[in-house]
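First up is the structure itself, then whatever we jot down about it.
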Amino acid sequence: MRRPRPARALAAVLSAACLASGPVSCGGDGGRPPRVPMPSNVPTVPQFPDAGALVGALERAGVPCLVTLHNSLPGGSSTDCTTTVDGDTFEYVVDVYNPEQFTRDDIGNAIAAGRTAYHQTFVAAGNWSINVVDPTYAPRIAQILGGAVLPGDGPSAPARPLPVIPASPRYDSVAQLATALDASVGCEDRKAEPGGSLACRTGSRVGHGPNCASLRVFGSDAGRDRSLRGALSGPGIPGYLAAGANWSVNLCDYGLADRVARDLGGVVVSYDGD
């Protein structure tokens, strides 16, 4: 139920390699797009030998990593992480570049592609960059590693208005939330997801065909609201959730939203994609 992610930073690494090897290998008419150098405020140190070493530095400073994807290539390495800090869950993508293959401006150009095309926020220094999917946490990561925050260029998706969300009931765990959902519309074939969320199939108790749902319990109201707005921020991508005090249920079967919200003591949070 996570909304579609923009192109991975690793794709920018491959694009940089393509440009470094010449226009013919990139295809097209041989023209190169304008290159964007690394911003001058980005420190030249520290450097890391690979993504694992950088992730280790973050973990020692209290930002753990549940690895959801890892890639190693001659040009560098990349690790997708999900973490929970102070009760809030967010994602970050680490890329460490081989300085023998990529210059500082190669890295800057790769970062610029994500900032411009997808309004992504990065933390960068040395031979690495981190795409922080929730920009709220970028300054904290920058302080830990001695990097600079590079916010996304251009307007980001508008912040969707949220309804008034009830202060109770609160669920002690995602398993308790799943039990309540099962009593309402069904929650079968439960599977843990990265970051402490849970996926299951809904609809069986109310005669609907089986469909997916993603359940989350939050450590703070602010974390809940960021997650809800993130689920509704994709242009043209509808979203229907039931949400309450410290929880949300993101539903693939939109017709279940009203019932789930009523039975679990929450409200419907929705976006039609327009």
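The values are calculated or read from the model by the stated rules, or taken from the named source; none is laboratory data. Predicted model only: the values in this text are computed from it and were never measured. No Cβ is skipped: glycine too gets one built from the backbone with ideal geometry, and neighbour counts run over all protein chains shown. Side chains are part of the model used for accessible areas, which takes the heavy atoms of the whole protein and leaves out ligands, DNA and RNA. Shrake-Rupley method; radii C 1.70, N 1.55, O 1.52, S 1.80 Å.
Being closer than 19 Å to Ile141 by Cα and aromatic (Phe, Trp, Tyr) is not true of Phe102. Look at segment 247-274: where a residue is without any contact (Cβ under 8 Å) to a residue 60 or more places away in the chain and farther than 15 Å from Ala183 by Cα and a partner is among the basic types (Lys, Arg) and not in a loop (DSSP other than H, G, I, E, B), sitting 6+ places away or on another chain with Cβ atoms under 6 Å, you get Ser248/Arg216. Looking across segment 177-206, the residues that are open to solvent by 40 Å² or more (accessible area, probe 1.4 Å), assigned to a strand (DSSP E or B) and either in contact with a Gly (Cβ under 8 Å, 6 or more places away or on another chain) or on the phi < 0 side of the Ramachandran plot (or both) come down to Glu188, Arg190, Lys191, Ala192, Arg201.
Comparison of Val45, Val85, Val67 shows that the only residue that is touching a residue at least 24 places away in the same chain (Cβ under 8 Å) and open to solvent by 80 Å² or more (accessible area, probe 1.4 Å) is Val45.
Restricting to segment 115-134, name every residue that is in contact with a strand residue (DSSP E or B) (Cβ under 8 Å, 6 or more places away or on another chain) and open to solvent by 10 Å² or more (accessible area, probe 1.4 Å).
The first filter runs over segment 115-134 and keeps only residues in contact with a strand residue (DSSP E or B) (Cβ under 8 Å, 6 or more places away or on another chain), leaving 115, 120-125, 127-134.
Result: Arg115, Gln120, Thr121, Asn131, Val133, Asp134.
In the set (1) in contact with a helix residue (DSSP H, G or I) (Cβ under 6 Å, 6 or more places away or on another chain); (2) modelled with pLDDT under 90, Leu73 fails one condition alone, (1). Ala138 passes every criterion in (1) aliphatic (A, V, I, L, M); (2) under 13 Å from the mean Cα position of the chain (by Cα); (3) part of a strand (DSSP E or B) apart from (3).
Please go through segment 219-254 and give me each residue that is outside any loop (DSSP other than H, G, I, E, B) and open to solvent by 60 Å² or more (accessible area, probe 1.4 Å), ordered by number. Write out each step before concluding.
Residues of segment 219-254 outside any loop (DSSP other than H, G, I, E, B): 221-231, 239-244, 247-251, 254.
Asp221, Arg226, Arg229, Tyr240, Tyr254, listed by residue number.
Which of the residues that make up segment 93-111 are surrounded by fewer than 24 Cβ atoms within 10 Å (Cβ to Cβ) and closer than 30 Å to Leu198 by Cβ? Matches in segment 93-111: Val93 only.
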